[in-house]
Amino acid sequence: MRTLNKITAKELAEQIDVSPSFISAIEHNSTKLSLKTLNHICEVLGVTLAEFFNAEMSPVEKKLTAQIKKMPEEKKYELLAFLTGLIS
């Protein structure tokens, strides 16, 4: 998820005030992290805890979700109308 957001381990570590080696340990499942740290990671990555743990989302779906979250609410409705028409 970090790489989808084009954030290096060093950048993420700096933003959540941990070492890059700690980020590496998290990514390799060789350490435990607190809920507070996990929440902070999610904030930096712009995802919810639910999205973070949703392993069923494809990389494309994750990118779409990230882009949609950046859109103003009005544009989201326009996109929804467009997609609904495209699928119908």
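What follows is calculated from the coordinates using simple rules that are stated; it is not laboratory data. These numbers come from a predicted model, not from an experiment. Counting neighbours? That spans all protein chains shown, and the Cβs are built from the backbone with ideal geometry, glycine included.
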The local net charge around Ile16, scoring Lys/Arg +1 and Asp/Glu -1 for residues other than Ile16 whose Cβ lies under 14 Å from its Cβ, equals -2
Here the gain from full extension of Lys36 to Glu74, 0.36 nm per residue of separation minus their alpha-carbon distance, amounts to 10.4 nm
Of all lysine pairs in the chain that are eight or more residues apart or on different chains, those with Cα atoms under 27 Å apart total 25
Scoring the chain by relative contact order with C-alpha pairs under 8 Å, at least six apart, yields a percentage of 21
Of the residues Ala25, Ala66, Val44, the Cα lying farthest along the dipole of the chain towards its positive end, which is defined by charges on the beta carbon of Lys, Arg, Asp and Glu, belongs to Ala25
